[in-house]
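Below you'll find the structure, written out as structure tokens, and then a few comments.
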There are 2 protein chains.
Amino acid sequence: MDKFFNPESIAVVGASNTPFNLAATICGITTYMKYSGNVYAVNRKGEAVHGCPGYTTVMDIPGNVDLAVILISAKQVPTVVRQCGEKGIKHLIIESAGFSEGGPDGQSMQEEINGYISRYGMRLMGPNCLGILNTHNRFCCFYGIIPGKYDTGFATTGSISYIIQSGGIGALILDSFQKDMVTVSKMASIGNKSDIDESDIIDYYNGDASTEVIGMYLENVQNGRKLMNTAMKVKKPLLAFKVGRTSEGSQAAASHTAGMANNDAVFECACRQSGIIRLKSISELHSLPKIFASMPLLRGRRIAVMTNSGAFGGIAADLIVESGMEMTRLSPETQAKLDKTGQLFNVKNPVDLGPAMAKQTFLDIFDILLSAEEVDGLLPVPNVWQDVVIEAILDLVEMCRKYGKPAAIYVPNAIDRILQIREKYRIPLFESLEEATRALAVSYQQFRFLKKKERFHERNIRKGDFEKTESPVGV
Amino acid sequence: MDKFFNPESIAVVGASNTPFNLAATICGITTYMKYSGNVYAVNRKGEAVHGCPGYTTVMDIPGNVDLAVILISAKQVPTVVRQCGEKGIKHLIIESAGFSEGGPDGQSMQEEINGYISRYGMRLMGPNCLGILNTHNRFCCFYGIIPGKYDTGFATTGSISYIIQSGGIGALILDSFQKDMVTVSKMASIGNKSDIDESDIIDYYNGDASTEVIGMYLENVQNGRKLMNTAMKVKKPLLAFKVGRTSEGSQAAASHTAGMANNDAVFECACRQSGIIRLKSISELHSLPKIFASMPLLRGRRIAVMTNSGAFGGIAADLIVESGMEMTRLSPETQAKLDKTGQLFNVKNPVDLGPAMAKQTFLDIFDILLSAEEVDGLLPVPNVWQDVVIEAILDLVEMCRKYGKPAAIYVPNAIDRILQIREKYRIPLFESLEEATRALAVSYQQFRFLKKKERFHERNIRKGDFEKTESPVGV
């Protein structure tokens, strides 16, 4: 699987100098990103494209080819796949559409391709996909990318890796991370999943040292048991948004990437049983990973809220309780310590700081709360009109690591101000109180999933090899 | 009540040149905003503040005073209130804190104040509040406002009027509107509501020509029957966010503005019965009003989705169905018309436009959908990488008015791009697909509330005067 993400030589089949040629944009982006591997263009004339040497077929390319990226009209694809097999190319990405999602003709072509894949022992990503982005080696075979558009996203190496069934969602994630403090490690757009599916990629990301969190956008799941077995082996946070909670949504998704409608309750149950954190909105794919990448896990449900803007204490309390967590009762000792720090309006939870405070007072309060036995995590809601508060938040991130307890920080300012501060100071700010509360909730969910997975594996180690054990259904 | 929003002469009691004097910031902001009325400062030395002439007591001010704004320590307030009564000042705003929310001493001072209010026939806003902002005459008596900070929000006259029980929420709303295409008409911060409450302000806004939508942030409701009776009379959209859905949230709110905990189910029921749209988050206070200010009401539940980014069709379908609306079935005639416009990927709902389209094609599709009998409203999800799409959206807003059907537009781009476009082109863009769907849902809720209120009033007109009828409970 690693050759998909780290190929030394690539053939881009379909790239030519014809105006509006889509495959040419793949040669364009590899050249723009100065990808270090060899990139060859394959077209009828055998012409070079964006500086990539040209050949008329993959078989004419001298030497070894790790990966063929195919973007030609669907009816030409089976022949090219056969040629790739004969050339000994073991990894294919078919970006062309018009197969299973395109009616009976498309389906019969898909079957022909499947035959070659099996005969030559190849692995196939797609069809109807964008393929791979790897920020760590600057490899990208997405078509249609305008050079310069995603410079920040592509040039910054991140720790969040994605599996997506839609290029549009991938673009939204990359675009959103331009104003965030974490970003993408790898992205695999898997389209119709005729061979490689989400489980194969999860398995790869699980062993990938530069992936800390895995995010998935799914339109369907074809092999639920495989997904559950794979998920049970993964200790990294595994987040999934799935479209098709209603039959209308399922039908719309089916016309997009050829999936069967899935029963949503079954998927929900599978997620809970196999330790997949199910997301409630597309934006959670890029908003929530930062709680895992920047903070320790939440190891209990007792939360302390602190704010210098009174109303947000009550709003936060509602959200915490509705999310299944608790507003912790601060002990008399903790309250006495808080009282000593200055003129607090309220030393009970939610702690109300009043309007004007020095940086050291903020730090003292953070320290008292994080060190309190009765506090598992913080929801700080400090207004950041003054720079001194931003400095205090920078220190808070360090303190959270020291105490092994997370803080989900929301600053009650307009969204553009939040984005500015997050980008400039690289601090994990959430965009709403709802999002911050949700981040704590998923952090605690991950903590519980990990405990469950550990128990499951201990039991299976006693029984024998995990691979041979039953599926985790019923755990 | 109008004198609170349009006073010709104001006394700011407590404003002096002492460093960090909070009341002085009220003189500062009225001067900065070039408010046309007379503003007097009242302080021990009788000194002028920020160009406002100074007096030692309100009684020394020559001529009539419409409004006294009081921001001094709580224990001095009762005497000043009595002096205002003797001076014949009929409108008071007490911004000082330390009354009902501050224990037994505060409560006894509150009772003394109540006595004077009653004896002299005055009306009181507060205590523990910020008072009034009116963008239409540039009057603001909020304390602590840094001149220049809210220039956009204060200088632009809008059509959304607010009732808030927290200055922090007011600041967040004003700040958020700086990147929006609608903004604030008036804002009343009513604090502990010892005399004037939300119902009095709703009643005033209802008769105010420059208010189209009313938004409320409430921490408690003291007179629920009054609120319901008032709400039933209001045809403008009336939106409310209330803190205290849980007992933890109620307790936190009580320490903030001295309210009693309210049973949330009772409030929920009161909203449904009296036609108040209940909001789910603070951000809805500023995000949702634009659907009312810029679009016709949604008069049925059948929605057509159109997108040029396939995945969003399925996601939108899920959200529409989950919000109690329907994905409309486009008639064969409508589908045939859509098919004629160009190379659409999907002419069924969700309509998938494929990647590249001309402005005219967008307009043709909008026109076909809006004119279709089976469509009550649109959820367009166009990616706006090309400026031509923005031009098409500008025309769509006009077309919606022409057909009397709303569109809730979401562009699937990163949030900062959405804010940029919305601010520059003044088009009603929502910040997420969830928010756009919710806007359609509340528009339809308002349509049904209006029908219900009309039926209620017709019945009461037959019975006699509305004011004398029973409360709307049970309607």
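The values are calculated or read from the model by the stated rules, or taken from the named source; none is laboratory data. Quick caveat: nothing in here was measured; it's all calculated off a predicted structure. Every residue, glycine as well, gets a Cβ built from its backbone with ideal geometry; the counts of neighbours run over all protein chains shown.
Put simply, of B:Gly215, B:Gly144 the only residue that is away from chain A (no Cβ under 14 Å), in contact with a Pro (Cβ under 9 Å, 6 or more places away or on another chain) and in contact (Cβ under 8 Å) with a residue 12 or more places away in the chain is B:Gly215. Only a single criterion out of (1) surrounded by fewer than 21 Cβ atoms within 10 Å (Cβ to Cβ); (2) free of Cβ contacts under 8 Å to residues at least 60 places away in the same chain; (3) not small (Gly, Ala, Ser) is not satisfied by B:Ile368, namely (1). As a summary of the residue check, B:Ser281 satisfies the conditions (1) surrounded by fewer than 21 Cβ atoms within 10 Å (Cβ to Cβ); (2) more than 14 Å from chain A (Cβ to nearest Cβ) except for the one numbered (2). Candidates are the residues of the range A:205-258 that are out of contact with any Ser or Thr (no Cβ under 6 Å at 6 or more places or on another chain) and basic (Lys, Arg); the one that is farthest from A:Leu279 (Cα to Cα) is A:Lys233.
Per the conditions (1) over 20 Å from the mean Cα position of the chain (by Cα); (2) within 14 Å of chain B (Cβ to nearest Cβ); (3) not in a helix (DSSP H, G or I), the sole criterion not satisfied by A:Ser194 is (2).
On the basis of being over 32 Å from the mean Cα position of the chain (by Cα) and within 14 Å of B:Val65 (Cβ to Cβ), does B:Pro53 make the cut? Spelling it out, B:Pro53 is indeed over 32 Å from the mean Cα position of the chain (by Cα) and within 14 Å of B:Val65 (Cβ to Cβ). The residues of the range B:64-111 that are in contact with a Gly (Cβ under 7 Å, 6 or more places away or on another chain), within 24 Å of B:Ile201 (Cα to Cα) and at pLDDT below 95, listed by number, are B:Gly98, B:Phe99, B:Ser100.
Listed here are the residues, each with its yes/no results for (1) farther than 22 Å from B:Ala240 by Cβ; (2) touching a Leu at 6+ places or on another chain (Cβ under 7 Å).
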residue	(1), (2)
B:Tyr120	yes, no
B:Ile132	no, no
B:Thr135	no, no
B:Leu174	no, no
B:Ser194	no, yes
B:Ser199	no, yes
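Scanning the range B:284-312 for residues that are hydrophobic (A, V, I, L, M, F, W, C), away from chain A (no Cβ under 13 Å) and touching a strand residue (DSSP E or B) at 6+ places or on another chain (Cβ under 7 Å) returns B:Leu288, B:Phe292, B:Ala293, B:Met295, B:Leu298.
Residue check: is B:Arg245 within 14 Å of chain A (Cβ to nearest Cβ) and over 26 Å from A:Ala316 (Cβ atoms)? No: the conditions fail for B:Arg245. On inspection, A:Ala24 passes the criterion of being closer than 17 Å to A:Gly131 by Cα, surrounded by fewer than 24 Cβ atoms within 10 Å (Cβ to Cβ) and modelled with pLDDT of 95 or more.
Residues in the range B:160-182 include at least one that is away from every other protein chain (no Cβ under 14 Å), under 30 Å from B:Glu431 (Cα atoms) and among the small types (Gly, Ala, Ser). For the range B:423-432, check the following and say yes or no: at least one residue is crowded, with 22+ Cβ neighbours inside 10 Å, under 15 Å from B:Ala304 (Cα atoms), more than 14 Å from chain A (Cβ to nearest Cβ) and at pLDDT 95 or above. Checked against the condition, which is being crowded, with 22+ Cβ neighbours inside 10 Å, under 15 Å from B:Ala304 (Cα atoms), more than 14 Å from chain A (Cβ to nearest Cβ) and at pLDDT 95 or above, the range B:423-432 yields no hits at all. Looking only at residues in the range A:354-363 that are surrounded by fewer than 21 Cβ atoms within 10 Å (Cβ to Cβ) and over 35 Å from the mean Cα position of the chain (by Cα), the one that is nearest to A:Asp339 (Cα to Cα) is A:Thr361. Residue-level check: of (1) of a type in the set (S, T, N, Q); (2) more than 9 Å from chain B (Cβ to nearest Cβ); (3) within 30 Å of A:Ala392 (Cα to Cα), A:Asn263 misses just (3).
If A:Cys269 meets every condition in (1) in contact with a Leu (Cβ under 7 Å, 6 or more places away or on another chain); (2) away from every other protein chain (no Cβ under 14 Å) apart from one, which number is that one? All conditions are met except number (1). For the residues A:Tyr150, A:Tyr116, the requirement of being closer than 30 Å to A:Gln76 by Cβ, among the aromatic types (Phe, Trp, Tyr) and at pLDDT below 90 singles out A:Tyr150.
Among the conditions (1) under 26 Å from B:Ser250 (Cα atoms); (2) within 14 Å of chain B (Cβ to nearest Cβ), A:Gln386 misses just one, which is (1).
Among the residues making up the range A:318-348, those that are at pLDDT 95 or above and either of a type in the set (Gly, Ala, Ser) or part of a loop (DSSP other than H, G, I, E, B) (or both) are A:Ser323, A:Gly324, A:Met325, A:Thr328, A:Arg329, A:Leu330, A:Ser331, A:Ala336. In the condition set (1) over 22 Å from A:Thr152 (Cβ atoms); (2) aliphatic (A, V, I, L, M); (3) within 13 Å of chain B (Cβ to nearest Cβ), A:Ile418 is compliant with all but (1).
Checking each residue in the range A:208-234 for being crowded, with 18+ Cβ neighbours inside 10 Å, among the hydroxyl-bearing types (Ser, Thr, Tyr) and under 16 Å from the mean Cα position of the chain (by Cα) picks out A:Thr211, A:Tyr217.
Considering only residues that are aromatic (Phe, Trp, Tyr) and assigned by TED's automatic domain parsing to the domain that holds A:Leu67, look in the range A:102-149 and name the one that is surrounded by the fewest Cβ atoms within 10 Å (Cβ to Cβ). Of everything passing the filter in the range A:102-149, A:Tyr120 is surrounded by the fewest Cβ atoms within 10 Å (Cβ to Cβ).
Conditions (1) free of Cβ contacts under 8 Å to residues at least 60 places away in the same chain; (2) more than 24 Å from A:Arg123 (Cα to Cα); (3) more than 31 Å from the chain's Cα centre (by Cα); (4) not assigned by TED's automatic domain parsing to the domain that holds A:Asp105, marked per residue:
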{"position": "A:Ile26", "(1), (2), (3), (4)": "no, no, no, no"}
{"position": "A:Thr30", "(1), (2), (3), (4)": "no, no, no, no"}
{"position": "A:Gly37", "(1), (2), (3), (4)": "no, no, no, no"}
{"position": "A:Gly46", "(1), (2), (3), (4)": "yes, yes, yes, no"}
{"position": "A:Ile61", "(1), (2), (3), (4)": "yes, no, yes, no"}
{"position": "A:Lys75", "(1), (2), (3), (4)": "yes, no, yes, no"}
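Determine if the range A:358-376 includes at least one residue that is in contact with a Cys (Cβ under 8 Å, 6 or more places away or on another chain), away from every other protein chain (no Cβ under 14 Å) and not polar (S, T, N, Q). Taking every residue of the range A:358-376 in turn, at least one turns out to be in contact with a Cys (Cβ under 8 Å, 6 or more places away or on another chain), away from every other protein chain (no Cβ under 14 Å) and not polar (S, T, N, Q).
Residue pairs whose Cβ atoms lie under 8 Å apart, separated by 6 or more positions or on different chains, with the first residue in the range B:313-326 and more than 7 Å from every other protein chain (Cβ to nearest Cβ) and the second in a loop (DSSP other than H, G, I, E, B) and not aliphatic (A, V, I, L, M), are B:Ala316/B:Pro350; B:Gly324/B:Arg301; B:Met325/B:Arg301; B:Glu326/B:Arg301. Filtered by the rule that a residue be assigned to a loop (DSSP other than H, G, I, E, B) and of a type in the set (A, V, I, L, M), the range A:205-235 gives A:Ala209, A:Val221, A:Val234.
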